[in-house]
Each structure stands twice: as structure tokens, then as C-alpha cells.
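Written below as C-alpha cells is the structure these notes are about.
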Amino acid sequence: MAKNNNNYNHTELIWDGKFEEPIKLTQKRTIEKIVLPFQVIEVINEPREGTGSGQLFSGRRKEGWKNKLIWGDNKLVVSSLLKEYTGKINLIYIDPPFYTGTDQKIILTAGENNTPITKEPSMIEEAAYRNVWRHGAASYFHWFWEKLFLMRDLLANDGIIFIRHDQYWSHYVKVIADEVFGRNNFQNEIVVKRIYKNITQQGRISLPLATDSLFVYFKSDAAHYHNIYRELKETRESYWRALDDSSGVRKPPERVIFGKTYYPPAGKHFKFSQEKIDMFTNEGRIRINEKTGHPQYLVLETDKAILNSNWTDISGYSFTTGYPTENSEDLLERVIKAGSESGDLVADFFSGSGTTGAVAERLGRRWIMCDLGRFAIHTSRKRLMEVQRKLKESGREYYPFEILNLGKYERQHWQTAVVNGGKSTAEGKKIAQYVNFVIELYRGETVNGFSHLHGKKDNVFIHIGAVDAPVTMNEIKEAVEECKKNKFSHLDILGWEWEMGVNEEAVKWAKSQGIRLRLLQIPREVMDKKAVENGEVKFFELDYVEVAVEKRGQEVKVSLKNFAIPSDEYIPNELRERIENWSDYIDYWSVDWDYESLKSSEREPIFENDWQTFRTKKNTKLELATPWHKYSKKGKFLILVKVIDIFGNDTSKIIEVRI
């Protein structure tokens, strides 16, 4: 028990690291709130004025709002959302990672023949998962406690959070959530059906697993839980039920029954409006319980029953995207209907395959989702676009959405905190420390005396792109020219981000200068201390895409002609043997017909998704050519083509056309 106001009146879970040493119950460690700006990577289904691009979008319900799909560590993402969204999110649903050993493999298919693929978790996902459990239960508790505190600040005063967990740790999770939200704000434990598993652990007798726990907490007494109803399938007699026991406060709280004013108990509200109560009264379905003095209503066997905390009548998991722990849409529909109203803002910070956003979209809620996995973001993008397509077909409106990350701002923070040890360092030394750090990870050695060449690995020279800017074509040319001047024939350029479309153009141009050039991605794992210490950081070449453009008058058509994933170790040999066509490696591609160049805009350009095609389980065919696109005016335009492979990695190509 923890001491509060000199009385032992509340329970608190203590673990190593929760307090400063030595442990003092009045001195908890503060939670670091790192607020970083977001970068918009892509905007999907927002009308572009005057282009006639024929997008899916059919209208915006709220001016200026875009739903948000964010790629990044959720602690940084939630901290960064606090600046704008403190107290503004109406409902949060989270399904955090469960106990160590959970199988996170994703079952995918490739190409029109549905070639099966088993996708292992990325190194950054594995490293993040291990970090959570690095000290066992203590590190998990601290990690979860921090996350909940940050999320609590995002919740509106009338907000609700749903927390899903398993049989191993749910009892600890509840104690932590009691501390964060207050035990009085705990509403109920909903029992959710899970995948049945008959697991026997050494030294104990295990019953087959059948359920998970779904904890419901209010931010305050102002929160309102909306009752969920289900059809009564079994034949049953009518019965009387309390009229004033719904959780949460509703205004006005009182109801007039038989000419007398009644108020619900503290923290409760009446199930029905005054109008419906009057209707039930006229039908003889309202009475006052003689023993309790509380009003009741008669439930008829033809009515819908109010759903209680037993939700095992529906599946808690689903298998539509290949994710092993994909939450079912039936479950999320209940959660979102119970905890929000139309137009409310819903968030999920462990979004996985995007079930929360997909259901929120369909139910007319705004949403914010976040996940650490690149593939999760790609899966969610496709899923949401499919939902929007169906909404359009039914004549319904929906919001555009944008894909964001913390990008260069997260890397700047990492550079200061990790590479430079949190110290204020002169700019030149700061850059040198960063360059040396990356070259060492690449297993090269630093070289001096050059302007654009930073290191060497065997007979290959190395250029390192900046931590906070994309590698540009001009930057590549300068490094190639320096190699040519010094008679070096091999060059590797490592970058975090790339100017759109530089890949094939740069490699082809370097070859004409007698230089064999490779462009390699610096992965997010570089920022993970454990991944670095364990030697798990790998650099992969960018994908290759070949594009053709046809013109007729003011119309343009784009076709894919070839695609390749150069890094052999990225694709298992058995998969390479099964792939029949180069297009089988492509899962999705899209086009921006009028991409802003860096030269023509003061801000960083944003990819606006004007046309796209992608594979689904039901439709595995991928169009390799766009329809004809007509420009409304003459001029010079940059067309940006973005291609995403079956593993979620993207590459792009820019084509200039004159109309």
C-alpha cells in the first residue's frame, strides 16, 4: 500500500526504476516529454484545386482537418502530440505488446498467384520489443506507466480509454492504470474472446486460453459511456431492469417519472431520454421498485439487450491482413460506439494493421494512429484507402488523411542525445561525431582531406548524408566528381532520406563518369542503442524502378517497365525462386501528377496521392499503367511516381513533362 495524506488508502505498484535512488515514495522520476515537429510525408485523398485529377475524395466534413497516420516511436509521437492535442482526444484504444515470446511474424502474399511470404519483424521492431522487456517485468511496468501518463494528458476531460491485455500481466496493468487514472475512474473489465491456445508450461498445469481483458477508464466523472445493444437470440421471459444505472454523467441528469423528479446515483445517468421514458410510461413499461425506490423499465424479449461486460459473443481477433494480433473490426466497432460520438477524435498508438482507423473512418470519427513498423503504416494506408473507396461508392463523405513522421527532428534529437552525449557541441565537431558514428556502424574507416568523401571500406569510398536533410542530386554529383578527380572508381552514399527520384538517375549518371555508385538506406535501427551494441544494423540498397511516359495533347499516361530489389539478403532465396515476374515484388504504386520541386517552393514538398493501385487479398491484380491524365493548363510539370514493395519499402522516380 502507498501512503497518501498520512493514510494508507490506495494501492500502488512499485518496481525498480520507478523512483530516484534511494527509493522515496514522494519523489517519482519525472517523465521526459520530448516535443518535436511532425513532417508530412504524404497526403491522400485531398482535393487539389484545378487539376481535374479524378481523386477518390468526395468532400470534406470539417474544413482543415486531416486524419493522421504516424510512423514512429509512440512515446515520442504522443509527447509531440501534446503541444496541439492536450485534452482533445475523446477516445483512446490501445493493445500494447503482451508477454515475451509473442510470435510477431506476418503472413503475406506476393503477386497475382498469392505466393506466400513470412515476414519477420524488422530489426527496429525487435529491438524496441526487447528494450521493453530488457529487465523483465520492471522495465515493462515502467515503459507502460510512462505511456499511460502521456496518453492521459491527451484525453479530453470527458474522454475514455480502453486498454487490452492478456492473462499474464493484465492484473499488474490494472494496478498501474488505477494509479494513472485513479481507481474511482475505473469502470469495468470487459472479457474479450481471443484465439484459443492450449499451452502447457513446464512446472504448471495450464488451462486453454480463451479470453483477454479490456479495461475501461474514464478521464473524469464527465465521461459518458454509450450503451451497446445486441439482439436477443434466445427465447426468454420479460424482466425488469434498473433505469438509472448507466455509467457516466449526462446533462440534464434528472428525469420526471409519474410526476416526480428523479436523479440517478452519483456517477450514473438514466438510460433513456425523457421522451422515451414518457413513451414507455404510456406503454406500461415503467415502474418504481417498491424495495429500492428506484425506477425500472420492462425489457421485452423482442428488445435489444444492453451489452454487459461479457463480449465473448464476437471474435476479439481477425485475420484479414496477415497480422498475428489483428484486432477484429467487430470489437473495435463496439469500443468506438461505446466511447465516442460522430465527429469525435479517436486514437490508437499501437495501431498495427490499422483496425481502429478503419472502423473509425467507417463510423464517421476522426482518428490519429501511430506505429513503429514501416510495414504497419503501409498496410494501414492500403486498408484505409479501401475503406474510403467503399464509402465513396455508397455516397458517403470522408476526411483526407496524411502520413507523418518525426523524421529529421527525431534524428536531430538522437544526434544531440546519443552521438554527442547530450552536450552542447560546436557544429563542425557535432557533424564529425555523427559521420564517424555512422561510418563505424558501416564497418568503414574515416578518411580526411576530402570535401565530400567521409570514409572508406576496402576500396570503396563513402559519403554520409546529413541527419536532417535528404540527399540531393547535387550532393551526389559533388561526391562523384571528387571520386573522379582522385581516380576512385567505387562510391557508396548512405542517406536517411533522398530527394525524390534520384536513385536511377544518379546511378546512371555516375556510371557515365566511370564511377560505380551504390545508394544505401541508413535504417532507424542506427538510433537504437541495443541494436547498435548487438551489431544488428544493416544498410540496404534502394529499390530500382523503371518508368515510361506517353503523351497525347494535354494528356499523360505513366507505365511501370521494370522493378528490382537489389539487396539479396533482404529476400529469402526460396521467395526469389517462386517469384515469376518483376512486378510480383510490387505491392502498391501511386502518382502525383504535379509534384512541387524543392526549387519552386519554400517549404519541403509533399507527395499528394492523385492516383494509386494496390493489391488486396480479394484482388491480387496490379495495374502497371495509369489511366490517361489530362492537365487543365499548359506548362512544365513534375510527375512523381512512388512504388512500395512487398516488404513496405518505398522508392520513387521523378519525370518532367512539358504540356
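The values are calculated or read from the model by the stated rules, or taken from the named source; none is laboratory data. Keep in mind it's a predicted model, so treat the numbers as computed, not measured. Backbone-built Cβ (ideal geometry, glycine too); neighbour counts: all protein chains shown. Surface areas here come from the heavy atoms of the whole protein model, side chains and all, with no ligands, DNA or RNA. Shrake-Rupley method; radii C 1.70, N 1.55, O 1.52, S 1.80 Å.
Report, to the nearest whole %, how much of the accessible area of segment 257-369 belongs to carbon and sulfur atoms, 1.4 Å probe, protein only.
Exposed carbon and sulfur together represent 47 percent of the surface.
Considering Cα pairs under 8 angstrom that are at least six residues apart, work out the relative contact order of segment 467-587 and quote it in whole percent.
17 percent
With every protein chain left in place, what is the accessible area of Val460 in Å² (1.4 Å probe, nearest 10)?
That residue has around 20 Å² of solvent-accessible surface.
Using amide H atoms built 1.01 Å from N in the peptide plane, name the residues 5+ places from Trp611, or on other chains, whose amide H lies under 5 Å from its own.
Here Val591 satisfy the definition.
Can you give the Kirkwood hydrodynamic radius for segment 454-517, in Å, rounded to one decimal and based on Cα pairs?
Its Kirkwood hydrodynamic radius stands at 11.7 Å.
Using a 1.4 angstrom probe and counting only protein chains, how large is the accessible area of Leu307 in Å², to 10?
Probe radius 1.4 Å; accessible area of Leu307 about 20 Å².
Report Rg/Rh for segment 286-441, rounded to two decimals, where Rg is the Cα radius of gyration and Rh the Kirkwood radius.
That ratio equals 1.22.
Quick one: pull the percent of accessible area on segment 412-549 belonging to carbon and sulfur, 1.4 Å probe, ligands and nucleic acids left out.
47 percent
Where the convex hull is taken over the Cα atoms of segment 474-550, what is its projected area averaged over directions, in nm²?
6.5 nm²
Mind grabbing the accessible area of Thr379 for me, 1.4 Å probe, Å², rounded to tens?
So the heavy atoms of Thr379 present about 10 Å² to solvent.
Packing-wise, with mean Cβ within 10 Å as the measure, how do 278-287, 141-150 rank, highest first?
Top of the packing list down: 141-150, 278-287.
Of Leu520, Val507, His490, which is farthest towards the positive pole of segment 485-531's charge dipole, taken about the Cα centre with +1 and -1 on the beta-carbons of Lys, Arg and Asp, Glu respectively?
Towards the positive end, the residue furthest out is His490.
Highest mean first, what order results for 30-39, 405-414 on Cβ atoms within 10 Å?
405-414, 30-39
Tell me the net charge near Pro265. Cut-off is 9 Å between Cβ atoms, Pro265 excluded, with +1 for each Lys or Arg and -1 for each Asp or Glu.
Net local charge, Pro265 excluded: -1.
In whole Hz, with x marking every Gly and Pro, tabulate ³J(HN,Hα) for segment 164-169 from phi via Karplus 6.51 cos²θ - 1.76 cosθ + 1.60, θ = phi - 60°.
For segment 164-169, the Karplus-derived couplings read 9, 8, 9, 6, 6, 10 Hz, x marking Gly and Pro.
Given H placed 1.01 Å from N in the peptide plane, which residues other than close sequence neighbours of Gly159 have an amide H under 5 Å from its amide H?
Lys219, Ser220
Mind checking segment 319-392 for GluC sites (Glu not before Pro) that DSSP puts in a loop (not H, G, I, E or B) and that have at most 15 other Cβ atoms within 10 Å?
For GluC sites (Glu not before Pro) across segment 319-392 that sit outside H, G, I, E and B with at most 15 neighbouring Cβ atoms in 10 Å, the list reads Glu341.
What does the charge count around Leu520 come to, taking other residues whose C-beta lies under 10 Å from its C-beta (Lys +1, Arg +1, Asp -1, Glu -1)?
With Lys, Arg at +1 and Asp, Glu at -1, the neighbours total 0.
Suppose accessible area is computed on protein heavy atoms with a 1.4 Å probe; arrange Lys529, Lys83, Lys66, Lys561 from highest to lowest.
So the residues, ranked largest to smallest area, are Lys83, Lys529, Lys561, Lys66.
What Kirkwood radius, in Å to one decimal, follows from the Cα pairs of segment 409-552?
Hydrodynamic radius (Kirkwood, Cα pairs) of segment 409-552 is 16.1 Å.
Jot down the radius of gyration and Dmax of segment 337-388, Cα atoms only, both in angstrom.
10.6, 30
Which order do you get for Trp240, Trp71 if you rank them by accessible area with a 1.4 Å probe, largest at the top?
Heavy-atom accessible area, descending, gives Trp240, Trp71.
What does the charge count around Asp348 come to, taking other residues whose C-beta lies under 10 Å from its C-beta (Lys +1, Arg +1, Asp -1, Glu -1)?
Surrounding charge for Asp348 is -2.
Using alpha carbons only, what's the Rg to Rh ratio of segment 580-659 with Rh from Kirkwood?
1.02
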